[in-house]
Amino acid sequence: MSYHNVEILFVEDSTDDAALTIRALKKSGFTNKLHHVINGAEALDFIYCRGAYADRSDKEFPKLILLDLKMPKVSGLQVLEKLKADPNLKSIPIVMLTSSNEGPDIEKCFALGANSYIVKPVDSDNFFNAVKEIGLYWMVLSQPAH
């Protein structure tokens with residue numbers, strides 16, 4: 001599989017949430033360069049070109065990371081903390097896309113450098129609109145750091 005020019009790295013362990021998000025991104029036209037991984041460990045392997053992703057170019061990074069908070073193996077918080085502490089990666093926008101609406105989770109994510117924190121709407125229409133807006137803002141409107 002080619003991992004050339006992946007624009008969105010989507011990290012989500014829930015099969016249902018992943019399918020809904022990917023469908024919403026596809027309808028919005030943002031899936032041509034999306035790569036989905038199912039946990040934080042796999043996300044770090046992708047970013048750091050390890051394991052199954054050892055042949056991926058370490059010169060190419062996603063333009064956006066959509067990151068679930070609570071996952072097995074390595075949590076979204078751990079991934080966020082590692083990436084934002086890395087001088088080569090800290091400018092990649094990371095959007096926390098999670099079901100947790102707990103104040104301490106939100107505060108911790110922003111303290112670690114999350115660019116945005118979005119609580120997954122329960123209603124599928126609202127979820128679709130939220131994902132569409134995420135793609136529009138981060139992939140089209142937002143200007144990357146230079």
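The values are calculated or read from the model by the stated rules, or taken from the named source; none is laboratory data. Not measured: the values here are computed from a predicted model. Every residue, glycine as well, gets a Cβ built from its backbone with ideal geometry; the counts of neighbours run over all protein chains shown. In case anyone asks, the SASA skips ligands and DNA or RNA and just uses the protein heavy atoms, side chains included. Shrake-Rupley method; radii C 1.70, N 1.55, O 1.52, S 1.80 Å.
Within segment 84-143, which residues are of a type in the set (Asp, Glu), open to solvent by 40 Å² or more (accessible area, probe 1.4 Å) and either farther than 23 Å from PRO62 by Cβ or modelled with pLDDT of 90 or more (or both)?
Just the residues of segment 84-143 that are of a type in the set (Asp, Glu), to begin with: 86, 102, 105, 107, 123, 125, 133.
After this cut, where a residue has to be open to solvent by 40 Å² or more (accessible area, probe 1.4 Å) as well, the list is 102, 107, 123, 125, 133.
Those that are of a type in the set (Asp, Glu), open to solvent by 40 Å² or more (accessible area, probe 1.4 Å) and either farther than 23 Å from PRO62 by Cβ or modelled with pLDDT of 90 or more (or both): GLU102, GLU107, ASP123, ASP125.
Kindly indicate whether VAL79 is open to solvent by less than 10 Å² (accessible area, probe 1.4 Å), of a type outside the set (Ser, Thr, Tyr), without any contact (Cβ under 8 Å) to a residue 40 or more places away in the chain and within 21 Å of ASN115 (Cβ to Cβ).
Values: open to solvent by less than 10 Å² (accessible area, probe 1.4 Å): yes; of a type outside the set (Ser, Thr, Tyr): yes; without any contact (Cβ under 8 Å) to a residue 40 or more places away in the chain: no; within 21 Å of ASN115 (Cβ to Cβ): yes.
It is false that VAL79 is open to solvent by less than 10 Å² (accessible area, probe 1.4 Å), of a type outside the set (Ser, Thr, Tyr), without any contact (Cβ under 8 Å) to a residue 40 or more places away in the chain and within 21 Å of ASN115 (Cβ to Cβ).
Any chance segment 33-41 includes a residue that's within 23 Å of GLU107 (Cβ to Cβ), modelled with pLDDT of 85 or more and not basic (Lys, Arg)?
First pass over segment 33-41, keeping only residues within 23 Å of GLU107 (Cβ to Cβ): 40.
The next check asks that each one be modelled with pLDDT of 85 or more; those that pass are 40.
Checking the rest, the ones that are also not basic (Lys, Arg) come to 40.
Yes, some residue in segment 33-41 is within 23 Å of GLU107 (Cβ to Cβ), modelled with pLDDT of 85 or more and not basic (Lys, Arg).
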Looking only at segment 42-52, how many residues end up being surrounded by fewer than 18 Cβ atoms within 10 Å (Cβ to Cβ) and either part of a helix (DSSP H, G or I) or not charged (D, E, K, R) (or both)?
4
